[in-house]
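Data block below; observations after.
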Amino acid sequence: MQIAIIQNNTVTQVGDYRILFPNTSFNANGPDDEWLTENSCLKVNLYLDHDPLTQKLQSCQPTISNGMVNLVEVVAMTADEITNQKASAMANIRAQRNALMNACDWTQTPDNPMINKSAWATYRQALRDIPEKMGSADPRTWSSWPTSPAEPTVSNLSTTGISSIPTSGV
């Protein structure tokens, strides 16, 4: 836990409580509120509520606010930062889509005896259509992935039309 030493309503030092007070024993949770008050110290806050789609946290000089010392401030993201975040999110969506496509390539091979081959083809087309279907939606908050058809397993092979699994000569 980081704490700040306060003198005359000014932050004089910030650091880990074990380093700032090496000769003091604390319980496993560190100094409690009573000890902090008695020793003119405040807890340090490294996070502030903000909208991560339009704002970011930036390091700043220590400031006292609401009984804590903030080492960050909330600042608006630039248009370039927002554009870069959106481009990165879209690249991640495409990478995930491509991985899902690769994972089900086997469903479209000509010698695949699956009954639900058309369902897999529909799913694969839905994956291909993701960038267009997103339209103007913010890719940083988008999460409308298509649902894949059930994959055949050994336990449900009889329901997929496969009567036996070859065990030799494969």
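The values are calculated or read from the model by the stated rules, or taken from the named source; none is laboratory data. Since the model is a prediction, treat every value here as computed from it, not as a measurement. Cβ sites come from the backbone with ideal geometry, for glycine too, and all protein chains shown count toward neighbours. Please note that ligands, DNA and RNA were not included when accessible areas were found on the heavy atoms of the full protein model with its side chains. Shrake-Rupley method; radii C 1.70, N 1.55, O 1.52, S 1.80 Å.
Condition first: more than 30 Å from Thr83 (Cα to Cα) and open to solvent by less than 60 Å² (accessible area, probe 1.4 Å). Now tell me which residues in the range 54-67 satisfy that.
Here is the first cut: in the range 54-67, the ones more than 30 Å from Thr83 (Cα to Cα) are 62-67.
Within the range 54-67, Pro62, Ser65, Gly67 meet the criteria.
What is the one condition in (1) open to solvent by 60 Å² or more (accessible area, probe 1.4 Å); (2) in a helix (DSSP H, G or I); (3) of a type in the set (Gly, Ala, Ser) that Ala91 does not satisfy?
(1)
Read through the list (1) over 30 Å from Asn8 (Cα atoms); (2) in a helix (DSSP H, G or I), then give the number of the only condition that Thr37 fails.
It fails just one condition, (1).
Give me a count of the residues in the range 39-53 that are open to solvent by less than 50 Å² (accessible area, probe 1.4 Å) and over 30 Å from Trp142 (Cα atoms).
4
When the residues of the range 10-23 are filtered to those that are of a type outside the set (Ser, Thr, Tyr) and over 14 Å from Leu36 (Cα atoms), which remaining residue is least open to solvent (accessible area, probe 1.4 Å)? Walk me through it before giving the result.
Here is the first cut: in the range 10-23, the residues of a type outside the set (Ser, Thr, Tyr) are 11, 13-16, 18-23.
Filter once more, keeping what is over 14 Å from Leu36 (Cα atoms): 19, 22-23.
Details: Ile19: 132, Pro22: 90, Asn23: 153 Å².
Restricting to residues being of a type outside the set (Ser, Thr, Tyr) and over 14 Å from Leu36 (Cα atoms), the top hit is Pro22.
Suppose we filter the range 24-38 for residues that are loosely packed, with under 13 Cβ neighbours inside 10 Å and under 35 Å from the mean Cα position of the chain (by Cα); how many remain?
We begin by selecting, within the range 24-38, every residue loosely packed, with under 13 Cβ neighbours inside 10 Å; these are 24-25, 27-29, 32-34, 37-38.
If we keep only those that are under 35 Å from the mean Cα position of the chain (by Cα) too, we end up with 27-29, 32-33.
Total meeting the criteria: 5.
Could you list, in sequence order, all residues of the range 98-141 that are of a type in the set (Gly, Ala, Ser) and either open to solvent by 80 Å² or more (accessible area, probe 1.4 Å) or assigned to a helix (DSSP H, G or I) (or both)? So that I can check it myself, show each step before the final result.
Let us first name the residues in the range 98-141 that are of a type in the set (Gly, Ala, Ser), namely 99, 103, 118-119, 121, 126, 135-137.
Selection gives Ala99, Ala103, Ser118, Ala119, Ala121, Ala126, Ser136.
Regarding Ile19, is this residue part of a strand (DSSP E or B), out of contact with any His (no Cβ under 9 Å at 6 or more places or on another chain) and farther than 30 Å from Asp138 by Cβ?
Working: part of a strand (DSSP E or B): no; out of contact with any His (no Cβ under 9 Å at 6 or more places or on another chain): yes; farther than 30 Å from Asp138 by Cβ: yes.
It is false that Ile19 is part of a strand (DSSP E or B), out of contact with any His (no Cβ under 9 Å at 6 or more places or on another chain) and farther than 30 Å from Asp138 by Cβ.
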